[in-house]
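Here's the structure, in structure tokens; my notes come after.
The values are calculated or read from the model by the stated rules, or taken from the named source; none is laboratory data. Since the structure is predicted, the reported quantities are computational estimates derived from the model, not experimental observations. Backbone-built Cβ (ideal geometry, glycine too); neighbour counts: all protein chains shown.
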Amino acid sequence: MRKQIAGLGGITVAVVADLWSKTTVFQLYPFAYKTGVFAVLYFLPVYNTGAAWSIGASQGSLVTGASLALCMFTLFEFFRRPTLVWALICAGGLANTCDRILIGAVRDFIALSYGGYTFPIFNLADCYLSLGIFLLLCQQYLGNAHRHIVLGDR
């Protein structure tokens, strides 16, 4: 149970960091104002009412319901197996779900652009989700023999 409690603390810190970063950027920069930090990194605050890449943007309540269901599933998996994988996925899902419930859309603001190619705009919660899913795939690929190397699972 200690792993779960420590993990919940980490999840809480990650969710608060994501929500704070969104609130700060949206207060500092006007809506849809592109401001460069480096040559390839920009802050471009946008509201995403859909899922990834605005898929299902017209189905807000469906996307919110699915998001809640996935959060419940990942929390269940985290309590069953408290690993970094499930903590990251929980944190990302919970942070974006908080946005959906409180604001009606997910606030995205990190934009990457280089040489005419623009990557879809994202936020910290999306980074948590992507890293968690990447580690989950590594876990599946490496199998049980190397799980402790990637996940700290013993």
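Of all residues in the stretch 127-143, those satisfying the criterion of being farther than 16 Å from Cys90 by Cβ and at pLDDT below 85 are Gln140, Tyr141, Leu142, Gly143.
Restricting the first member to the stretch 74-102 and to residues that are within 13 Å of Gln4 (Cα to Cα) and in contact (Cβ under 8 Å) with a residue 40 or more places away in the chain, and the second to residues that are surrounded by fewer than 23 Cβ atoms within 10 Å (Cβ to Cβ) and basic (Lys, Arg), the beta-carbon pairs closer than 7 Å and six or more apart or on different chains are Pro82/Lys3.
The set of residues from the stretch 91-106 being touching a Phe, Trp or Tyr at 6+ places or on another chain (Cβ under 7 Å) and surrounded by 23 or more Cβ atoms within 10 Å (Cβ to Cβ) comprises Ala91, Gly92. The residue pairs whose first member lies in the stretch 111-125 and is under 19 Å from Thr97 (Cα atoms), whose second member is part of a strand (DSSP E or B) and β-branched (Val, Ile, Thr), and whose beta carbons are closer than 8 Å, counting only pairs six or more residues apart or on different chains, are Ile121/Val46; Ile121/Ile110; Phe122/Ile110; Asn123/Val106; Asn123/Ile110; Leu124/Ile110; Ala125/Val106.
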